[in-house]
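The values are calculated or read from the model by the stated rules, or taken from the named source; none is laboratory data. Predicted model only: the values in this text are computed from it and were never measured. No Cβ is skipped: glycine too gets one built from the backbone with ideal geometry, and neighbour counts run over all protein chains shown. All accessible areas refer to the heavy atoms of the entire protein, side chains included, with ligands and DNA or RNA removed. Shrake-Rupley method; radii C 1.70, N 1.55, O 1.52, S 1.80 Å.
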Amino acid sequence: MLKSPWVFHFSTGSCNNCDIEVLDCLTPRFDIERFGMLLAPSIKHADVILVTGSCNRKSAVRLKRLYEQAPKPCLVVAIGECSLSRGMFIYSYNCPVPLDKIVPVDAYIPGCPPKPEAIISGAVKLIEKIKGNL
Amino acid sequence: MAKSVIPIGPYHPLQEEPEFFRLTVDGETVVDIDVNIGYNHRGIEKLSERKTFDQSTFVIERICGICSTSHPFAYTRAVEDIIPVEVPPRAKYIRTIIAEGERIHSHLLWLGLAGHFLGYNTVYMWVWKLREEILDVMEILSGNRNNYAMFKPGGVRRDINPDDIPSAVKKIDSIIPTLNRLKKAIVDDPVLHVRLKGIGILTKEDAIDYCALGPTSRASGVAKDVRKDAPYGAYDQIDWDMIVAENGDVFDKVVVRVLEVFESIKIMKTCLKNLPEGEIDLNIADIPPGEGIGAHEAPRGETFHYVRSDGTNRPARHKVRAPTFMNLPTCNSTVIGETISDAAIILASIDPCYCCTERIAVRNEKGKKIYSGKDLIRLSQQKTEIIKRKMRIK
Amino acid sequence: MTRNEIIDDLKKRFKDDITNIFDKSEKRVYVEIKPESLERCATYLFKDLKARFNIASGVDTRLHIEILYHFSIEYINLLISLRVKLKREKPVINSLAPVFKGANWIEREIHEILGVEFRGHPDLRRLLLSEDWPEGVYPLRRDYTEWDKTAIRDRGV
């Protein structure tokens, strides 16, 4: 898993800014492929799940199901303010609970949206943390 | 073009259920489509009633990330319409510059994704690299790549430093040669002509009946654009053209967007060079009771905001209507009757929020799922390969 | 026709239906009509004046439920908003979906967030809210209160 983690990207009701920044990481300027990260073709091959968005009611159901299907051990990275604590949507009627009450989260990357450099730095820190633990 | 297989893509692999677009097929033809939305519903209209008029601008910016300027632009125009009042000229020009910069980056993003759906992965990578240059320009002018936070009711929040303008103009000029090559490659490519012409036609009558907006309706011959019909900002002081096409198929939608990028570059450079001096903010103290309506031509169509004020410092009601709300139902008339290998590109040509087009499922008449969204994209790429091969043999 | 000709023509043609006209500015006119006349006026605006339907916005003032239908006539840069006031206890009105398809989705949305019944709508099911949202609870009404006991509304610090 550490040599080349396969990342799976899922958006639970976000404004898509964080999603575009994650995709920007895959384009030639930032290019996380040099760290060995590839986009997983399906959830069954995923090592890391990147979650964006403030979980609204419809998406929380799907996220739970997706997390159950992922092979363990599976890391969850919360990207952007909305997935940290719902940010400004804390009083919204459609976003009842923050992300870490639905699935366990291993790393948090703040920002609205976090720049691609911040996302890469967060991902690298996560890998270092796991290597340190092993 | 050299064959380069890029093993990664921008899309989310399909989740199991529920689906956004549920297509029912009979053999190879689509016979029914059902659209299921609500995955991004965060209750922003209710949230806006808790915030003051000024704080609401920050919430509104985060409705959509790709067109993050068009919602604050329409909202601030709606609040200014309650009084009603006009902002100073320098604020109008700055607003126009930011709005056009966003239009360029949004259309380039869409072009990259369309290239990926058709199997032109090199185009996808090129165009997104080009898009980074525009994001650098926006960072020079406003300080951020995405959520610019430049708008407030009464003007703009921050000024553009005149020392930054030459480097911004230089960066914009640096992408024009590549864009010209791209335009030639797209408009003259015979494979794209065969692949995209006559596919997913939205007739003019249907475009009017569904009240479609933006490039989706301009490609069908409906010559409506808020920047020309109800001019605001600096649009009536600059010479630019509205791009309209006649046939309403996917090829025309691509051409309309490509040509709009050039018009936006023209508007942006003219505004940067002729920025008038003066105030940037009216410093509005109180909003009187009343109603106001503001509209702005976002990259996808007209954004419409309706704000009602009851004299306090919070809106009594704020209605937001994004352009995709009116454009998505048109897929009922464009996709039904087409083959499944074209379904992915037809749905993408409306330019919805990009994650919508990936959550597709195709069922046969008994209701059994036979294809996923990823399969549809693969079918679409295969069709392009087949056409390319046929034309080389000729 | 010029802008003033259109307004005068509307006043004459629908003089029994219009209860109030607020001519706010050169580009904005707010016309209040009786709920029974909605289909007549909207059909005239859409089919004869060739106005484009923008959107409908529902508002819950505490006295009644108002729905505004916004139409734009582009060639003279005029926006006409038709206002109907419905009773709060049982808001019912005829649907505009048979007249033009652009009204289909917005009526579904107003139905689920404000509780307005649209007579004659072909397909009045949920658009935005999830399946586990309880029936009869309308988020945008003024008397909406939090029904979800498991919701967490503080940041935990």
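So for the stretch B:57-325, taking the charge dipole from beta-carbon charges (+1 Lys/Arg, -1 Asp/Glu), which of B:G292, B:S106, B:P323 sits furthest toward the positive end?
B:S106
Hey, what's the per residue convex hull volume over the C-alpha atoms of the protein assembly as shown, in cubic angstrom?
Taking the convex hull of the Cα positions in the protein assembly as shown, it is 163 Å³ per residue.
Give me the angle, in degrees from 0 to 90, between the Cα long axis of helix A:116-133 and the longest principal axis of the Cα atoms of chain A, rounded to the nearest 10.
Roughly 70 degrees between the two axes.
Over the Cα atoms of chain B, what radius of gyration and what Dmax do you get, in Å?
21.6, 72
Which of the DSSP-defined H helices in chain B satisfy a minimum axial length of 24 Å, computed from C-alpha atoms, and a minimum mean Kyte-Doolittle hydropathy of -1.0?
Flagged H segments are B:89-118, B:121-142, B:165-187, B:250-273, B:373-393.
Among C:L68, C:N94, C:T2, whose Cα sits farthest toward the positive end of the charge dipole of chain C (+1 at Cβ of Lys/Arg, -1 at Cβ of Asp/Glu, about the Cα centre)?
Projecting each Cα onto the dipole axis, the largest value belongs to C:T2.
For the stretch C:3-90, just list the percent of Cα-Cα distances falling in each 5 Å bin from zero outward, please.
Histogram of Cα-Cα distances, whole percents per bin: 3, 14, 26, 28, 17, 8, 4, 1, 0.
Before we go on, tell me the buried accessible area for the B/A pair, both chains summed, 1.4 Å probe, in Å² to the nearest 100.
The buried area between B and A, both sides summed, comes to about 4100 Å².
Return the carbon/sulfur percentage of the accessible area of chain C, one whole number, probe 1.4 Å, all protein chains in place.
50
Given a 1.4 Å probe, how much area per residue of the stretch B:57-325 is accessible, in Å²?
31
For chain C, what are the per-bin percents of Cα-Cα distances with bins 5 Å wide, up to the bin holding the maximum?
With a bin width of 5 Å, the distribution comes to 2, 8, 17, 20, 17, 13, 9, 6, 4, 3, 1, 1, 0.
So which residues in the stretch A:41-66 end up with at least 30 square angstrom less accessible surface once the other protein chains are there, compared with the chain by itself, probe 1.4 angstrom?
Those are A:P41, A:N56, A:R57, A:K58, A:R62, A:R65, which lose 30 Å² or more relative to the chain on its own.
Give me the orientation-averaged projected area of the Cα convex hull of chain A, in nm², one decimal.
7.5
Simple spin-label model, 7 Å along Cα-to-Cβ: B:D189 to B:R378 in nm?
About 2.2 nm, to one decimal.
If you count the DSSP beta bridges with both ends in the protein assembly as shown, what percent of them are antiparallel, to the nearest 5?
Counting DSSP beta bridges with both partners in the protein assembly as shown, the antiparallel share is about 65 percent.
So, with a 1.4 angstrom probe, what is the percent of accessible area on chain B that is carbon and sulfur?
Its accessible area is 52 percent carbon and sulfur atoms.
List, in order, the whole-Hz ³J(HN,Hα) value for each residue of the stretch C:71-78 obtained from phi through the Karplus relation with A = 6.51, B = -1.76, C = 1.60 and θ = phi - 60°; use x for Gly and Pro.
10, 10, 10, 6, 6, 10, 6, 10
Can you give the Rg and Dmax of the stretch B:27-152 based on its C-alpha atoms, in angstrom?
So, for the stretch B:27-152, Rg and Dmax equal 18.2, 60 Å respectively.
Ignore the peptide's own chain and count Cβ atoms of other chains within 10 Å of each Cβ in A:91-103; give me the average, rounded.
6
Given the C-alpha centroids of the stretch A:1-71 and the stretch C:1-65, what is the distance between them in whole angstrom?
Here the answer is 49 Å between Cα centres.
Highest first, please rank the peptides C:21-31, C:108-118 by the mean number of other Cβ atoms sitting within 10 Å of their residues.
Final packing ranking: C:108-118, C:21-31.
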